[in-house]
Amino acid sequence: MKSPKKLLILSPYPHTSGGVSSYVKALKGNWSVEENYFFRGNAGKGKLKRIAFTIERYLSFALEAFFNPSCKAILVNTSMDKKAFKRDRIFILLSKLSFKKVFVFIHGWNQEYFEKIPQQQLNVFFKADKLFVLSKDFKKQLEERGCQKKIIVETTVVDRKFISHFPLPEAEHIQGSRFLYLARLEKEKGILLLLNVFQRLSRQYPHIHLDVAGFGSLEESVKRTISAFNNPNIRFHGLVEGETKTTLFQQSNIFVLPTSHGEGMPISILEAMAAGLAVITTHAGALGDFFQDEKMGFKMKRATMDELEEKMTAAIEMGNVGEMGEYNYKFARTHFTVQKVIERLENEIWEPAADQPKPSFA
């Protein structure tokens with residue numbers, strides 16, 4: 001039986017794509033307390049419509065936060081980028097005015113934007129009782145900007161249903177090199193870089209394969225590139241979900257994400273590890289905190305053609321990456337499961353504390 005205490009969770013709408021939405025959905029229904037969700041997000045086109053929608057969301061949230069006596073804590077899921085920061089700092093202010101315990105989980109991180117945020121505006125985030133981030137570097141930067149509250153380095157999570165499809169590490173029983181890219185089709189994620197490197201490598205290694213899945217602004221460009229290469233060992237799948245997504249992981253043994261994006265902790269990499277795949281990636285964001293080079297896979301210092309070709313060649317020449325896949329499989333189940341993540345979050349949120357501090361907006 002769940003505790004009568006309620007946790008109010010601020011989140012994107014469940015139908016939206018992205019890491020924050022996936023994270024919230026994975027944890028939903030698994031907390032030890034009753035969960036209340038408040039959704040915020042895109043109001044669609046039209047300036048007046050967006051303004052009216054935003055005002056309605058702020059007023060509705062205030063009513064929920066101020067006048068629900070069973071709600072004891074508020075968890076704000078946000079990102080350190082322009083749109084999320086400007087929108088969610090108002091939710092944080094309203095949360096503090098409600099005299100509830102307030103926790104802010106910063107998922108995404110745009111380094112360029114963070115460096116430009118005026119100190120007075122950033123201080124609003126520091127009003128939270130505690131902050132969660134996905135990287136030791138993010139924690140250090142917040143502390144350097146004056147945050148004196150406790151900052152906890154957390155992880156993202158792999159959905160229980162997804163994990164249940166992989167009773168054994170996938171890489172162990174797959175022969176040859178079957179590469180998988182499953183992420184947004186954006187320049188900063190490295191998809192065009194990967195296609196060009198794979199095409200070059202396939203001349204030397206004609207039996208390697210690459211599956212590409214995802215959607216994004218480069219979808220048409222990706223399709224044209226694959227068509228121009230006319231390589232039967234490159235397959236494009238578009239957006240995949242459910243059984244199709246699971247099958248792609250089951251048929252692959254090396255996951256590739258040559259990202260230069262300001263990553264938090266990409267869920268696609270955690271899923272690849274949970275499925276028992278070896279991984280080739282960079283040290284972007286939180287990846288540099290936990291990724292063990294040549295044990296979990298291969299880590300690039302920078303996402304360049306030469307470095308990616310070197311790491312993919314190393315994986316191909318290794319022949320069997322099953323040992324890496326098995327290590328990742330066990331690591332993911334120790335650190336990235338729903339049960340483990342919620343246990344750590346609840347220990348911080350419901351930790352016995354001194355008298356509830358009153359909000360200060362100086």
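The values are calculated or read from the model by the stated rules, or taken from the named source; none is laboratory data. What you see is a predicted model; the values in this text were computed from it and never measured. No Cβ is skipped: glycine too gets one built from the backbone with ideal geometry, and neighbour counts run over all protein chains shown. Only protein heavy atoms, including side chains, enter the accessible area calculation; ligands, DNA and RNA are left aside. Shrake-Rupley method; radii C 1.70, N 1.55, O 1.52, S 1.80 Å.
Counting Cα-Cα pairs of the stretch 205-287 in 10 Å increments starting at 0 gives whole-percent bin shares of 15, 45, 37, 3. Were the residues from ASN230 through ARG50 laid out at 0.36 nm apart, the gain over their Cα-Cα distance would be 60.3 nm. Of the Cα atoms belonging to the stretch 266-319, the radius of gyration and Dmax stand at 10.8, 29 Å.
Taking 0.36 nm per intervening residue step and subtracting the Cα-Cα distance, what contour gain separates GLN175 from THR304 on full extension?
Values: separation 129, 0.36 × 129 = 46.44 nm, distance 2.72 nm.
Roughly 43.7 nm would be gained on extension.
Annotation: lysines with alpha-carbon distance below 21 angstrom to LYS49 (same-chain offsets under eight excluded): LYS82, LYS83, LYS86. Charging the Cβ of each Asp and Glu at -1 and of each Lys and Arg at +1, and nothing else, the dipole of the chain about its Cα centre rounds to 1540 debye. Each residue of the stretch 225-233 was assigned a 3J(HN,Hα) from its phi angle through the Karplus curve 6.51 cos²θ - 1.76 cosθ + 1.60 (θ = phi - 60°); the sequence is 5, 5, 5, 5, 5, 6, 9, x, 8 Hz, with glycine and proline shown as x. Computed from the C-alpha gyration tensor, the three semi-axes of the ellipsoid equivalent to the chain are 39, 22, 19 Å, from longest to shortest.
With 0.36 nm allotted per residue and the present C-alpha distance subtracted, the ILE152-LYS83 stretch has 22.5 nm of extension available. Projecting the Cα atoms of VAL153, LEU195, SER79 onto the charge dipole of the chain (Cβ charges, centred on the Cα centre) puts SER79 farthest toward the positive pole.
Normalised radius of gyration for the stretch 54-130, please: alpha carbon Rg relative to 2.2 N^0.38 Å, two decimal places. All intermediate terms of the calculation are to be shown ahead of the outcome.
On the way: Rg = 12.6 Å, N = 77, 2.2 N^0.38 = 11.5 Å.
For the stretch 54-130, the normalised Cα radius of gyration comes out at 1.10.
For the residue pairs LYS223/LYS245; LYS139/LYS245; LYS189/LYS299, alpha carbon separations beyond 23 Å are given by LYS139/LYS245. The spread of Cα positions in the stretch 213-362, taken along each principal axis and listed from longest to shortest, comes to 67, 36, 34 Å. Each residue of the stretch 176-189 is assigned a 3J(HN,Hα), and the resulting list reads x, 10, 10, 8, 10, 10, 9, 6, 5, 8, 10, 4, 5, 7 Hz, derived from the Karplus form 6.51 cos²θ - 1.76 cosθ + 1.60 (θ = phi - 60°), x at Gly and Pro.
Probe of 1.4 angstrom, ligands and nucleic acids ignored: what's the accessible area per residue over the chain, in square angstrom? Don't skip to the end; give the middle numbers.
Details: 16990 Å² over 362 residues.
Value for the chain: 47 Å² per residue.
Once a ≥ b ≥ c are taken as the square roots of the eigenvalues of the Cα gyration tensor of the stretch 3-132, is the result rounded (a/c under 1.5), prolate (a/b larger than b/c) or oblate (a/b not larger than b/c)?
On the way: a/c = 1.35, a/b = 1.26, b/c = 1.07.
In terms of gyration-tensor shape, rounded.
Distance between the modelled labels on TYR58 and ASP293, one decimal in nanometres: 4.7 nm (7 Å Cα→Cβ projection). Cross-linked pairs LYS6/LYS340; LYS5/LYS140; LYS150/LYS295: Cα-Cα separations exceed 24 Å for LYS5/LYS140; LYS150/LYS295.
The dipole here belongs to the stretch 119-277: it is taken about the Cα centre, uses +1 on the Cβ of Lys and Arg and -1 on the Cβ of Asp and Glu, and is about 320 debye. Counting only DSSP H runs of at least 4 residues, each contributing -39500 (n - 2.57), and dividing by the residue count of the chain, the helix-based mean residue ellipticity at 222 nm comes to -13000 deg cm²/dmol. Angle of helix 191-204 to the longest C-alpha principal axis of the chain, folded into 0 to 90 degrees and rounded to 10: 20°. Across the accessible surface of the chain, with the other protein chains kept in place and a 1.4 Å probe, carbon and sulfur atoms take up 53 percent.
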